[in-house]
Amino acid sequence: MTAGLHGLSRFDGLRAQHWTTELRGDGVVVLSFDRAGASVNTFGQDVLVELDGLLERLALDPPKALVVRSAKASGFIAGADIKEFQVFDQQGTVDGAIRRGQQVFQRLAELPCPTVAAIHGFCMGGGTELALACRYRVASRDPSTRIGLPEVKLGIFPGWGGSARLPRLVGAPAAFDLMLTGRTLSASAARAMGLVDKLAEPADLVQEAAMLGLRGTQRPFKQRLLGWATNTLPARKLLAPMLAKQVARKARKEHYPAPYALIGAWERSGGAGIQGRLAAERKAVVKLASTPTARNLIRVFFLQERLKGLGGKDHGIRHVHVVGAGVMGGDIAAWSAYKGFEVTLQDREQRFVDAALQRSTALFDKKVKDESKRAAVAGRLKGDLAGDGVPHADLVIEAIIEKAEAKRELYAAVERRMKADALLTTNTSSIPLTELRGHIARPAQFAGLHYFNPVALMPLVEIIRHDALTPDVEQRLAAFCKAIDKLPVPVAGTPGFLVNRVLFPYLLEAATAYAEGIPGAAIDKAAVKFGMPMGPIELIDTVGLDVAAGVGAELAPFLGLPIPASLSTPPEAGKRGKKDGQGLYKWENGRAVKPALAKEYQAPSDLEDRLVLPLLNEAVACLHDGVVADADLLDAGVIFGTGFAPFRGGPIQYIREAGADALLARLQQLHARYGDRFAPRPGWDAPALRP
């Protein structure tokens, strides 16, 4: 057995940084990818050039079989190098980069010997496309194995042959379900789909791949038939409009063109030979790469990576104690238990704890696919009416009513029972920490840990600072957020912090427009047209009119904004919104029942500006006031905390692209028309608002 390129005559004279070869005794060559200087494997152009040279030699002197594997424990291949892709976009050389990837993978597909991808850990994007170019695929049974094509989340679609090959392999319906959603598959799900030919134990992965290469396998007739039948011209003409209609329910074409371009390329060329399909794929992806949507979604990807990087691994937290078993507190406790922490949940009455534990069952049933493991996950969450978990907790999270006095009384009772190195945090959504920390004995270990509703879906957690908070505590909290798969953003402890402060003027103006008689459905429609994931009237009901009124009481004086009647006082009993089945809308089966708009109804022409410009105005003020360290953190916080149109890149990025001066002029027009609530806030002259 010979290792290294120069030990094999077929590779004499080749130099490689990222690839090594091994010739097995059975005549199988194992080609291992180990990108130099990187913790994970990604495809840069230098990696592809090296691979191309190796494949050229293998074509001239083919082994009995070729196995492609990763030498990194972290996983197979994470995909293309996104930073490099950004550079190609700036240079206008995306076409060349796409063409090279296609050509290299096609060379792999045309090798005159069986080829097998041995997949472990993550296999994403270009990694999956390389695997698709192989004749066979073997995946590790390890739970960490995940396979996917997430390019649609970056505003493009698989461009190195993935969209050309996958529909033929697994059938168009399954292929598009994977590519249009960007979701990932477990090894067993990929096997069931036909994307993977065989599963193997981690220790046997390469051996099983080599044996598959030598012996081969015949795909089931049903899979082969599906791959042919669903790609015929009649099938494409039937399926393409259906797929586009499904996409339209979730994404507008003008906001997210990639899914529609993917469907269109397949409809037109899905029946062509591989070169025709690759040409159509390349043409569409190159065009998409230059769109503002793709550039902004790639920007959002890097914003997310930045937030992930804020927390290390050293949080020193094992036991979490949550006080307050309402919707937020109960869901925070359940999520923490799901993510592996021991959790105790306290409230003043057992019925509140019981209700939270019952809700947690639904979360565990949904998230823990292996039924045999659910009991262990549920066992990590314990009701604790007496608060016996406090002395054992490494982190205490307070999630009680939004009243400063009640919170201070709780801290006085809890802090003296806590361990010396334990952290005390509050989930307050708007109260400044200076109002809460007055009688705390260890203010350096006190901070805000503000989650968003629903906890299981919203990725952001605001880490609320104050001047006595120590950097090591902030680091521990960021690491804890990372451990529970949340994105931390450090923010100043001023009223509303970042997300609620930016969001509140938007919701307030929506409520004002609603009070004027503009239908809620029209208001929501205008916001969704702009790109928000949910309209503001529906959002107020989802958050709860009681919560919105509480935030309003805290923020309106700070921001100097008037509050309409619907948010100025607590709502009537049983009419708090979604949780009661009645609020500004009626709710049935978890959905808002919105009265239909009359066909002749025309929303005011300035409605979108009335909703969006107050949000942008407050974002500018937050940046000016130093609520976050910089514009990128502000955009990240607002996108991941509110769902602000990701394809627009965040409020500050949107201001840059739309033009700060143009938006300021429109804001001034609203100021003249509607009054001081539209007065421009300080900061519109900041250099950060210019491209």
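The values are calculated or read from the model by the stated rules, or taken from the named source; none is laboratory data. Everything numeric in this text was worked out from a predicted model, so none of it was measured. Here the Cβ is made from the backbone with ideal geometry for all residues, glycine too, and neighbour counts use every protein chain on show.
Taken over the range 504-514, the criterion of being of a type in the set (A, V, I, L, M, F, W, C) and within 13 Å of Ala621 (Cβ to Cβ) is satisfied by Phe504 alone. Quick check, is Lys586 out of contact with any strand residue (DSSP E or B) (no Cβ under 8 Å at 6 or more places or on another chain) and on the phi < 0 side of the Ramachandran plot? It is false that Lys586 is out of contact with any strand residue (DSSP E or B) (no Cβ under 8 Å at 6 or more places or on another chain) and on the phi < 0 side of the Ramachandran plot.
Matching residues to (1) assigned to a strand (DSSP E or B); (2) assigned by TED's automatic domain parsing to the domain that holds Gly148; (3) in contact with a helix residue (DSSP H, G or I) (Cβ under 6 Å, 6 or more places away or on another chain); (4) at pLDDT 95 or above:
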site: Ser32; (1), (2), (3), (4): yes, yes, no, yes
site: Ala38; (1), (2), (3), (4): no, yes, no, no
site: Asn41; (1), (2), (3), (4): no, yes, no, yes
site: Val47; (1), (2), (3), (4): no, yes, no, yes
site: Leu51; (1), (2), (3), (4): no, yes, yes, yes
site: Leu54; (1), (2), (3), (4): no, yes, no, yes
site: Pro63; (1), (2), (3), (4): no, yes, no, yes
site: Val67; (1), (2), (3), (4): yes, yes, yes, yes
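For the range 201-208, indicate whether the set of residues that are within 25 Å of Pro112 (Cα to Cα) and either aliphatic (A, V, I, L, M) or at pLDDT below 95 (or both) is non-empty. So far as the range 201-208 goes, yes, one or more of its residues are within 25 Å of Pro112 (Cα to Cα) and either aliphatic (A, V, I, L, M) or at pLDDT below 95 (or both). Residues in the range 43-54 that are surrounded by fewer than 21 Cβ atoms within 10 Å (Cβ to Cβ) and over 33 Å from the mean Cα position of the chain (by Cα): Asp52, Gly53.
The set of residues in the range 357-386 that are of a type in the set (A, V, I, L, M, F, W, C) and surrounded by 14 or more Cβ atoms within 10 Å (Cβ to Cβ) comprises Leu357, Leu363, Phe364, Val368, Val377, Ala378, Leu381, Leu385.
Any idea which of Gly590, Gly643, Gly581 is surrounded by fewer than 22 Cβ atoms within 10 Å (Cβ to Cβ), at pLDDT below 95, among the small types (Gly, Ala, Ser) and not assigned by TED's automatic domain parsing to the domain that holds Gly531? Of Gly590, Gly643, Gly581, the one residue that is surrounded by fewer than 22 Cβ atoms within 10 Å (Cβ to Cβ), at pLDDT below 95, among the small types (Gly, Ala, Ser) and not assigned by TED's automatic domain parsing to the domain that holds Gly531 is Gly643. Which one is farthest from Arg501 (Cα to Cα), of the residues in the range 617-634 that are buried (at least 21 other Cβ atoms within 10 Å of the Cβ) and in contact with a Lys or Arg (Cβ under 8 Å, 6 or more places away or on another chain)? Residue satisfying both the conditions and the ranking: Leu633.
Considering Pro571, Pro595, Pro533, the condition of being part of a loop (DSSP other than H, G, I, E, B) and buried (at least 19 other Cβ atoms within 10 Å of the Cβ) is satisfied by Pro571 alone.
Screening the candidates Gln86, Gln103, Gln90 for the property of being in a helix (DSSP H, G or I), assigned by TED's automatic domain parsing to the domain that holds Trp160 and free of Cβ contacts under 8 Å to residues at least 12 places away in the same chain yields one hit, Gln90. When residues in the range 358-381 are screened for being out of contact with any Leu (no Cβ under 7 Å at 6 or more places or on another chain) and either farther than 19 Å from Ser144 by Cα or hydrophobic (A, V, I, L, M, F, W, C) (or both), 14 of them pass. Looking across the range 368-394, just one residue is under 26 Å from Arg476 (Cα atoms), charged (D, E, K, R) and under 27 Å from the mean Cα position of the chain (by Cα), and that is Arg380. Residues of the range 282-335 that are closer than 16 Å to His255 by Cα, under 16 Å from the mean Cα position of the chain (by Cα) and among the aliphatic types (A, V, I, L, M): Ala294, Leu297, Ile298, Val300.
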